[in-house]
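Below is one structure, written out as structure tokens, with a few remarks after it.
We did not get these values from a lab; they are worked out from the coordinates using the rules stated. Nothing here was measured: the structure is a model prediction, and the numbers come from that model. Glycine gets a Cβ as well: all are built from the backbone with ideal geometry, and neighbour counts include every protein chain shown.
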């Protein structure tokens, strides 16, 4: 009988929208630098919903309301363990944008975002945020597919 459980890392990322602008994070991380959306890890015993609200508050100073799950990305990390990223969109928020040690925050249009240096492979995640017919990205060895 095959094993039905495995180690997994759970994370989230949220596109925050205000009219035609999107809040983007220019990451300081030398491992994954460039523009992306804020987010982070799901902590033990924390719901996915609560984790994205907490991470956005920590990284941006904003308190988001009603984040909508729009998709997921999965791949295997350098330890060959599954890594999941839950993609959210939030259009309701309060507070003032306050940068964190994660990097600089900027409001941009989608067009402006696409003209900047994005974090590695982030361009392949973006269609899930903008195309309601897509909800999953799978990276597995040579496979990189959107569904």
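Structure summary
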read-out	value
Taking all pairs of distinct alpha-carbon atoms in region 85-132, Kirkwood radius in angstrom	13.0
Distance in nm between pseudo-label sites at residue 115 and residue 77 (7 Å out along the Cβ direction from Cα)	3.6
Nearest 10 degrees, 0 to 90: helix 48-60 Cα axis against the chain principal axis	40
Relative packing of peptides 11-18, 38-45 - highest average C-beta neighbours within 10 Å first	11-18, 38-45
Stretchable slack from residue 65 to residue 9, in nm (0.36 nm times residue separation minus alpha-carbon distance)	17.7 nm
Gained length - residue 1 relative to residue 133, 0.36 nm times residue gap less alpha-carbon distance	43.9 nm
Stokes-Einstein D in µm²/s, Kirkwood radius over Cα pairs - the chain at 25 °C with 0.890 mPa s viscosity	155
For 2, 94, 51, order by how many other beta-carbon atoms lie within 10 Å, fewest first	2, 94, 51
Protection proxy ranking, peptides 100-106, 3-9, 127-133, average beta carbon neighbours within 10 Å, highest first	100-106, 127-133, 3-9
Residue-averaged [θ]222 nm for the chain, counting only DSSP H segments that reach four residues, each worth -39500 (n - 2.57)	-5000 deg cm²/dmol
Cα centroid separation, region 64-110 to region 1-45 (Å)	5
Burial ordering of 72, 89, fewest other beta-carbon atoms within 10 Å first	72, 89
